[in-house]
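These notes concern the structure reproduced below.
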Amino acid sequence: MTRVAAVILADGVADAERQARMALAAGADLVELRLDRIRDVGVGDVRRLASAVGPRSILTVRSASQGGSGHLTEARRSELLKEACTRPFPYVDIELERDRPRAAELARLTRRHRATLIVSHHFSRPAGLGQVREALDACAAIGPIAKVVVPVETIDSAVELGDLARTEVERGRRLVVIGMGVAGMLTRASAGSAGQEIQYASAGPPAAPGQLSLATAKRLRGRDSWVLGLVGHPLGHSLSPAIHEAGLEALGLPGTYLPFDVDAAGLESLLAASDRFRIRGFNVTIPYKESIVEALDELDGDAEGIGAVNTVVVGDGWTKGHNTDVFGFRLSLRSLGLRVGERRVLVIGAGGAAKAVVHVLLREGASVAVANRTAARAEALADAFDEPIEILPVERLDRSGPWDLVVNATPLGTKGFAADLPVPEAVIAKAGFVYDLGYNPPDTALLAAAKRLGRPHASGLEMLLHQAAKSFELWTGRSPPVDAMRRAAKEALS
Ligand SMILES: NC(=O)c1ccc[n+]([C@@H]2O[C@H](COP(=O)([O-])OP(=O)(O)OC[C@H]3O[C@@H](n4cnc5c(N)ncnc54)[C@H](OP(=O)(O)O)[C@@H]3O)[C@@H](O)[C@H]2O)c1
């Protein structure tokens, strides 16, 4: 089983000892003691840490060129490493380039003291697969565990890297291969299922970009761990990772939920790699809710009816698209006490979310009008339903209404997008209820205007929670821990 090492970055030895004890008490298998981060560190500190937490530690003295803090002379690094190799640390990390001249001596010392050398190499820039393989070979020629870390910028590179790691483990190699950065998180999430030696995790804030938290890493250490995620672009506004991580943690499930910020080619690669990386499913958001339909094997009734998917379930080489936005919007109307039967509703937007909203409104008996920046898309939406839908040109909106309900199904007002009002103030002033599917920030431009004009209003947070809970149930077969998920969403928004 992959061992989880919490990375300890402290600038004093007493603090390092305290943090290490806490991480071990919190369930880390190991701690990585980064000696290079401790001010004025000397051999006495190595001995102190060895007697405090040595038998459960990786001792690392990172050089400046490999990402270390850089205040150690080469002579001091060498002295610390030699001392570490004679103490009861099960692992000592040395560097491929810097420590090559003393590797034979350090290997002899560690053998005598039954420690294992991790020979590591950190690329400072993205590298080709050939270079990564060469570095792995070179590290493995020096010590029993090879560790290669490389920045990763695309899902394709993460997939290639993860495939390489899995193949090398199958060939019997003991290794750690990490893709740095958010795009590389897939390599970390699949470390356990690929049989990598060690998962480096953060006991506090991430020590490296894309590093998993200790809680997540603990859940993923087995071979049967799996991955969920959110596919879209951009993803900065999304609360889904926080919500689903909280759900997985509350039930102690061996999965994680990652942000997959991909272009269309990246989405294709991810689908093709889902079996190998044990991806059980993912949510789909802007702008792929409609375009993904073509790539899936099967659709459920709601997704088929509106031609938009927000949840994909992956199983045994088979993909099925669902639309839990429909469920989420319907339930949110109930929890807000909004009756829409025979009421006049204006929907702004004609994308995937708008389709889900219109679908529910028509089923509930509302009379629906749609306005969208691109008129042709509004017409296409109207054509997709049997019931009549009025198409309103955007420039005529200010003379429209009054509406019983106005729903914003565009990203206007959401973090990362223009903070413009999706409808003129005149429309908001006369609206019976204003509903923004946006929820981040909680006071979008539309909701702030509704508040100022004294109109009842709600954000899309309840809808988000209900659709998330339904997706969670589809992927895990478990009853979703909605309270924990709601708490996580509110915390992420605060
Ligand atoms: N609360 C929830 O649970 C929930 C669920 C689903 C979606 N949402 C939110 O709803 C929004 C729409 O999502 P989606 O999946 O439907 O996206 P989508 O399929 O890409 O559709 C986006 C829609 O917004 C319009 N739009 C985009 N930028 C615009 C701008 N600058 N000015 C005017 N209109 C603009 C688009 O118009 P064009 O056709 O002219 O491009 C299109 O109608 C997103 O912000 C999403 O986060 C929330």
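The values are calculated or read from the model by the stated rules, or taken from the named source; none is laboratory data. As the structure is a computational prediction, the values presented were derived from the model and not from experiment. Cβ: placed from backbone, ideal geometry, glycine included. Neighbour counts: every protein chain shown. Remember, those area values only see protein heavy atoms, side chains included, never the ligands or the DNA or RNA. Shrake-Rupley method; radii C 1.70, N 1.55, O 1.52, S 1.80 Å.
Dividing the convex hull volume of the alpha carbon atoms of region 3-223 by its residue count gives 105 Å³ per residue.
Binning the alpha carbon pair distances of region 1-126 at 5 angstrom intervals from zero yields the distribution 2, 12, 23, 25, 21, 12, 4, 1, expressed in whole percent. Once you divide the Cα radius of gyration of the chain by 2.2 N^0.38 Å, the number left is 1.14. The packing ranking, built from the mean of other Cβ atoms within 10 Å per residue, places the peptides 134-142, 39-47 in the order 134-142, 39-47, highest first.
For region 8-72, the Kirkwood estimate of the hydrodynamic radius, built from every pair of different alpha carbons, is 11.7 Å.
For the pairs Lys147/Lys320; Lys218/Lys320; Lys147/Lys490; Lys147/Lys218; Lys415/Lys470; Lys355/Lys415, flag any whose C-alpha to C-alpha distance is greater than 31 Å. Violating the 31 Å Cα-Cα cut-off are Lys147/Lys320; Lys147/Lys490. Computed from phi, the 3J(HN,Hα) profile of region 408-415 under the Karplus parametrisation 6.51, -1.76, 1.60 (θ = phi - 60°) reads 8, 10, 10, x, 4, x, 8, 3 Hz, with x in place of Gly and Pro.
Close amide-amide hydrogen proximity is noted between His457 and Val434, each under 5 Å apart and 5 or more residues distant or on a separate chain (H modeled in the peptide plane; Pro and chain starts excluded).
Here the calculated FRET efficiency for Arg334 and Ala25, from their Cβ-Cβ distance with R0 = 45 Å, stands at 0.55, rounded to the nearest 0.05. Residues in region 340-349 carry Karplus couplings, in order, of 10, x, 6, 9, 9, 10, 9, 10, 9, x Hz; the curve used is 6.51 cos²θ - 1.76 cosθ + 1.60 with θ = phi - 60°, and Gly or Pro positions show x.
Extents of region 376-440, taken as max minus min of Cα coordinates on every principal axis and listed largest first, are 34, 26, 20 Å. At a probe radius of 1.4 angstrom, the accessible area of the chain per residue rounds to 41 square angstrom. Our analysis of region 337-459 gives Rg over Rh at 0.93, with the two radii drawn from alpha carbon positions and Rh computed by the Kirkwood formula. Rounded to the nearest 10 degrees, the inclination of helix 482-493 to the longest alpha-carbon principal axis of the chain is 80 degrees. In region 3-223, the portion of solvent-accessible area held by carbon and sulfur atoms comes to 48 percent [1.4 Å probe, whole percent, DNA, RNA and ligands not counted]. With θ taken as phi - 60° and the Karplus curve 6.51 cos²θ - 1.76 cosθ + 1.60 applied, the whole-hertz 3J(HN,Hα) list for region 434-442 is 10, 10, 9, 5, x, 9, 9, x, x Hz, x standing for glycine and proline. Here region 89-216 was treated as a single set of alpha-carbon atoms; its pair distances binned every 5 Å from 0 give 2, 11, 21, 23, 21, 13, 7, 2, 0 percent.
When both region 150-225 and region 12-72 are represented by their alpha-carbon centers, they are found 22 Å apart.
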